[in-house]
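The values are calculated or read from the model by the stated rules, or taken from the named source; none is laboratory data. Keep in mind that this is a model prediction, so the values were computed, not measured. Positions of Cβ are generated from backbone atoms using ideal geometry, with glycine treated the same way; all protein chains shown enter the neighbour counts. Side chains included, ligands, DNA and RNA excluded: accessible areas come from the protein's heavy atoms. Shrake-Rupley method; radii C 1.70, N 1.55, O 1.52, S 1.80 Å.
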Amino acid sequence: MNHSLLYLGISTDFILRFSKLLGVAASFTSLIPAWYGIRRWQQLTPAIRYIAWFVIVPGAVLGIGAEVGRWVFRYNLVILSAVTLCETVLLAGAYARALHSPRIRWWFKRAVGLFLLVACVETGLSVHFSRPINNYSHFLQTFICIGLAFAYFEQLLRELPNIHLERDPMFLVSVGVCLYYTGSITIFMLEPYMQKQHTTLQLWIMFIIQSALYMLLNGFIMLALHYEGHVAQRQRLL
């Protein structure tokens, strides 16, 4: 990988700078759907209000706060843990109102409870050792978020509602969730190993991919808020 990049005339320093810049830009993309959600708040269904909170709190407030902590205070472990926790809880709240099956909601409530327990333990360990310890919480987060999205897809296939999927807010959110969390879990799981092996360049390249996926997620959420905000076009599934 290093030799290929050098052959193309791309230096390691350029990759590092570009990765940092894209990470900051990705965090600020949350401001667009956050503003849109606040502006159309009264028109949003309960499920989509949770999605609006998703881009407002862990996206805009905590996400930008994590970047400030990273570059100004050189410390953001607690904020990053809060981002993971808030993302999972808010997405679970949205799907709890979009999914119709009590059995599915019952199972995912237990999964979220287990996630909260694991996330709190790993946050305490991260603070104690002053380094990220969040492999299990990220794994559970990915399992829960992708599982909820797939459960919504299965519900659409089972009920076959007369709607345009490209304009269904929760369908758009589910597509974004699947793309982002399936692409990010590999990064979260390999990060400790790659740091130990001192493969810094490959790690920063993976962060570039993650930032691009996060921007894509915000794009899908923006579309969801856009279609949900148009009363004449939206379809209430609740």
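Applying 1/(1 + (r/R0)^6) with R0 = 22 Å to the Cβ-Cβ distance of PHE143 and ILE64, what FRET efficiency is obtained, to the nearest 0.05? That gives a FRET efficiency of 0.20.
Hey, can you rank 19-31, 140-152 by average C-beta count inside 10 Å, highest first? Mind dumping the intermediate values first?
Working: 19-31: 18.5, 140-152: 20.2.
Most protected by this proxy first, the peptides run 140-152, 19-31.
Per-residue accessible area (protein heavy atoms, 1.4 Å probe) orders HIS138, HIS128 as HIS128, HIS138, starting from the largest.
Highest-first packing order for the peptide set 171-179, 94-102, 70-78 is 171-179, 94-102, 70-78, based on the mean count of other beta carbon atoms within 10 Å.
With the simple spin-label model, which puts each label point 7 Å out from Cα in the Cβ direction, the PHE129 to MET189 separation comes to 1.9 nm. Note on TRP106: accessible area approximately 110 square angstrom, rounded to 10, probe 1.4 Å, nucleic acids and ligands left out. Among TYR50, TYR36, the sequence by solvent-accessible area, most first, with a 1.4 Å probe is TYR50, TYR36. Using a probe of 1.4 Å, the accessible surface attributed to TRP107 totals some 150 Å² when neighbouring protein chains are kept in position.
Based only on Cα atoms, what Rg/Rh ratio does the stretch 86-161 have, Rh being taken as Kirkwood's radius? The partial results should precede the final answer.
Numbers: Rg = 14.5 Å, Rh = 13.3 Å.
A ratio of 1.09.
Working note: 222 nm ellipticity from helices only, DSSP H runs with n ≥ 4, each -39,500 (n - 2.57), summed and divided by the residues of the chain, gives -26000 deg cm²/dmol to the nearest 500. When the chain is described by a simple charge dipole with +1 on each Lys and Arg Cβ and -1 on each Asp and Glu Cβ, the residue from ILE48, ALA25, MET194 located farthest towards its positive end is ILE48. Note on ALA212/ALA111: beta-carbon distance plugged into 1/(1 + (r/R0)^6) with R0 of 30 Å gives a FRET efficiency of 0.60.
Helix 135-159 and the longest principal axis of the Cα set of the chain meet at an angle near 30°. Basic side chains Lys and Arg get +1 at the Cβ, acidic Asp and Glu get -1 at the Cβ, and with that the dipole of the chain about its Cα centre reaches some 420 debye.
Rounded to the nearest 20, the Cβ-based charge dipole of the stretch 100-176 about its Cα centre (Lys and Arg +1, Asp and Glu -1) stands at 240 debye.
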